[in-house]
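Structure first, then comments.
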Amino acid sequence: MTTGTITIDADVLAVRSVLADIMTYPLWTNGMSDIEVVEWEGDLPRRARFSVSGGPIQDRVELVYSWADGHVSWSLAHGVAVTGMNGKYEWVAEGERTKVTYELEISLAMSLPGFIKRAAEKTIVSTALEGLKKRVESLR
């Protein structure tokens, strides 16, 4: 599991709002496109399909999301090249700012050395956190 943390100059509601708007993820994170929410739980996505691409990996995956106070987690329901994807965003208020932690673990059908897999996860996590920060702060 790879973990990263960032502090965003916005309140938790602004952070949660951007995270809940899955359709806009391609605007602030790399490697995601063709997003389709296939099941909603109120105004929150419960299941979503999207295309992922990065390096030699290209796949159409389906994730199942679980929303709670202070976090959203997800797990892979279907993928071919991606055989496992578990992740979580946690957010905590720090005054008028929000501390966000992102955890991610990905398994692939192809065999990769552990250090390459961890480096790829680290890149995904750090890029997503920076993109989230930029997106949330631009909407203030």
> With each pseudo-label sitting 7 Å past Cα toward Cβ, what's the VAL37-VAL64 distance in nm, one decimal?
Replying inline: 1.9 nm
> ILE6 to LYS134: extension gain in nm, 0.36 nm per residue of separation minus the Cα-Cα distance?
Replying inline: 45.0 nm
> Of the labelled options (1) 16.1; (2) 16.8; (3) 15.3, which one gives Kirkwood radius over Cα pairs in Å as computed for this structure?
Replying inline: (3)
> Can you give the charge dipole size of the chain about its Cα centre, rounded to the nearest 20 debye, using +1 on the beta carbon of Lys and Arg and -1 on the beta carbon of Asp and Glu?
Replying inline: 360 debye
> Which residue fluctuates the most in the chain, going by a Gaussian network model with Cα springs under 10 Å, if the choices are GLY87, GLY114, GLY54?
Replying inline: GLY114
> Between SER51 and SER75, what length in nm is gained on full extension when 0.36 nm per residue of separation is reduced by their alpha carbon distance?
Replying inline: 7.1 nm
> Along the charge dipole of the chain, which of LEU112, TYR102, ALA14 sits closest to the positive end, that is, farthest toward it, with unit charges on the beta carbon of Lys, Arg, Asp and Glu (+1, +1, -1, -1)?
Replying inline: LEU112
> Does anything in region 1-38 have its amide N under 18 Å from the 7 Å Cα→Cβ label point of ASN86, and if so which residues?
Replying inline: 1-4
> Quick one: putting +1 on the C-beta of Lys and Arg, -1 on the C-beta of Asp and Glu, what dipole do you get for region 64-140 around its Cα centre, in Debye to the nearest 20?
Replying inline: 240 debye
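Every number in this text was worked out from the coordinates using simple rules, so none of it is lab data. Note that the structure is a prediction, hence the values are computed from the model and not measured. Every residue, glycine among them, receives a Cβ derived from its backbone with ideal geometry; neighbour counts consider all protein chains shown.
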